[in-house]
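The values are calculated or read from the model by the stated rules, or taken from the named source; none is laboratory data. On a predicted model such as this, the values are computed, not experimentally measured, just so you know. Every residue, glycine as well, gets a Cβ built from its backbone with ideal geometry; the counts of neighbours run over all protein chains shown. Only protein heavy atoms, including side chains, enter the accessible area calculation; ligands, DNA and RNA are left aside. Shrake-Rupley method; radii C 1.70, N 1.55, O 1.52, S 1.80 Å.
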Amino acid sequence: MAAQFGKNLNFILHPSAVVSYEIDQMVCTMQHKEIEMSNQIESIFARLPGLFVARSDLRTRSEKARATLLLEAGEDRVRLRIADGAVTVLPANGPMDGWDIALRADSGAWYDHWQAIPAPDAFDIFGMVRRGRMRIEGDFTPLMRHLQLIKDILALPRAAA
Amino acid sequence: MTAQFDPITGRYLRLSLNGRSHRLYVEEAGQGVPLLCLHTAGADGRQYRDLMLDEAVTSRFRVIAFDMPWHGKSSPPEGWQSEEYRLSTQGYVGMILDVCAALDLDRPVVLGCSIGGRIVLQLAADHPDRFRGLIGAQGAAWQDAWYDTDWLHRPDVHGGEVCAALISGLIAPGGPEADRYETLWHYMQGGPGVFKGDLWFYRVDGDLRDTITRIDTTRCPLWLMAGEYDFSCRPEDMQATADAIPGCNAVRMERLGHFPMSENYGQFARSLIPILDQIEGSAPAAQGAVAERN
């Protein structure tokens, strides 16, 4: 792999090797950015309970709600439980970590969803499905029963941006 | 007198639709060329309130909006309790023509949104000479479904809440908050199964892809409009329909979604008023009528 040689050796390499090295560097940078973004998304998921607690209107609306979501950002996944007027982030890697419905998107889609004014393809979870940026799978009943509440909770990082 | 009233008049119109007695709630404002406004599925004529308060329009147009039966202040017909509401293409067209006749509207302009934006295509195909201009906001001959309408009416999900929550993502961000939330309130107030019944036209009976081949825009000008945040009737859905109709005008609207007239009228007016200007400019008889009244 060209990137193993280090930058100072570029001058003795064949031009195609230099190009190969540069492409590897770009890929590494992109992978690094993806990892960074992935970490950011995970930390944003982790902030949802705190953002929720600060919103008395959401606390009131969630008093009778009960749903467990699987939130997936690329390879990373957490569960978000809404129950008894509280929101909790739970791990999702255990063999019996159940959930009602999964929202699967890549990190970039979540990142775009949380922009202060999201683009048309990132504003709404169903719109993201329609635009091929998210998959929603599982038992739709809890989602549809509490649809606006869930949309509002998932959009909380937007207001905090 | 200290009471402040909007310059909008609301009345109940008695008429027969498809052989059944109805009492339709009709609001209007302004004078001039009749402009009949058709609300979206599951909502009512309140969506056009800001249009009715725009003097740039009401100084030249008689703006009229009616609540379809089962919507807003227009109750269902007698016997509704033992039937399932379904809006059909034929019933929708008949209703519009009957309202125009009952109000004695002379070649009105029709502005419809969503299902109203779809039905103007049927009017353009079958009744072009009865209208001065047709404007379909969020209008396309067809678009693919993005959810199962069974969710709109079932005993284990609150109908008003789910209707509003589903369409909330079709409203563009950044518009006036009060208007965005009032648009949702209209949906929360719909009767059980009414939104779903309207969508029977939108999803089942009203595939107008063949119908639009009959449209002759030289007999009646046609505009289609679409907000960029609408993922139900997407701008590309509207554009595909417009491209298939020779002479059809297509307007893509920024910072708007599926409910341009109610979610952010000021932004909508930037696109709508130039269209109304064109229609008014090509209607010398109507201009004369306005001048006579003045």
Q. Taking helices (runs of 4 or more DSSP H) that do not extend beyond region B:118-223, which have at least 3 residues that are surrounded by fewer than 24 Cβ atoms within 10 Å (Cβ to Cβ) and within 14 Å of another protein chain (Cβ to nearest Cβ)?
A. B:159-168, B:177-188
Q | Qualifying residue in region A:41-60 (condition: in a loop (DSSP other than H, G, I, E, B) and within 16 Å of the chain's Cα centre (by Cα)) | A | no
Q. Which condition breaks for A:Ser38 when tested against (1) open to solvent by less than 90 Å² (accessible area, probe 1.4 Å); (2) modelled with pLDDT of 80 or more; (3) within 27 Å of A:Glu137 (Cα to Cα); (4) assigned to a helix (DSSP H, G or I)?
A. (2)
Q: Taking the options B:Asp230, B:Asp243, name whichever one is surrounded by fewer than 23 Cβ atoms within 10 Å (Cβ to Cβ) and either at pLDDT below 95 or acidic (Asp, Glu) (or both).
A: B:Asp243
Q | region B:9-46, residues that are in a loop (DSSP other than H, G, I, E, B), surrounded by fewer than 17 Cβ atoms within 10 Å (Cβ to Cβ) and touching a residue at least 12 places away in the same chain (Cβ under 8 Å) | A | B:Asn18, B:Gln31
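Residue-by-condition table, conditions (1) at pLDDT 95 or above; (2) aliphatic (A, V, I, L, M); (3) touching a helix residue (DSSP H, G or I) at 6+ places or on another chain (Cβ under 6 Å):
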| residue | (1), (2), (3) |
| --- | --- |
| B:Gly112 | yes, no, yes |
| B:Arg130 | yes, no, no |
| B:Gly133 | yes, no, yes |
| B:Gly136 | yes, no, yes |
| B:His158 | yes, no, no |
| B:Ala165 | yes, yes, yes |
| B:Ile171 | yes, yes, yes |
Q) Any idea which of (1) aliphatic (A, V, I, L, M); (2) within 14 Å of chain B (Cβ to nearest Cβ); (3) closer than 29 Å to B:Arg154 by Cα is the one A:Ile82 doesn't satisfy? A) (2)
**Q.** Cross-chain or 6+ apart pairs with Cβ under 8 Å, region A:128-151 first and within 17 Å of A:Ala83 (Cβ to Cβ), then open to solvent by less than 30 Å² (accessible area, probe 1.4 Å) and part of a loop (DSSP other than H, G, I, E, B)
**A.** A:Arg145/A:Ala65; A:His146/A:Ser62; A:His146/A:Ala65; A:Leu149/A:Ser62; A:Leu149/A:Ala65
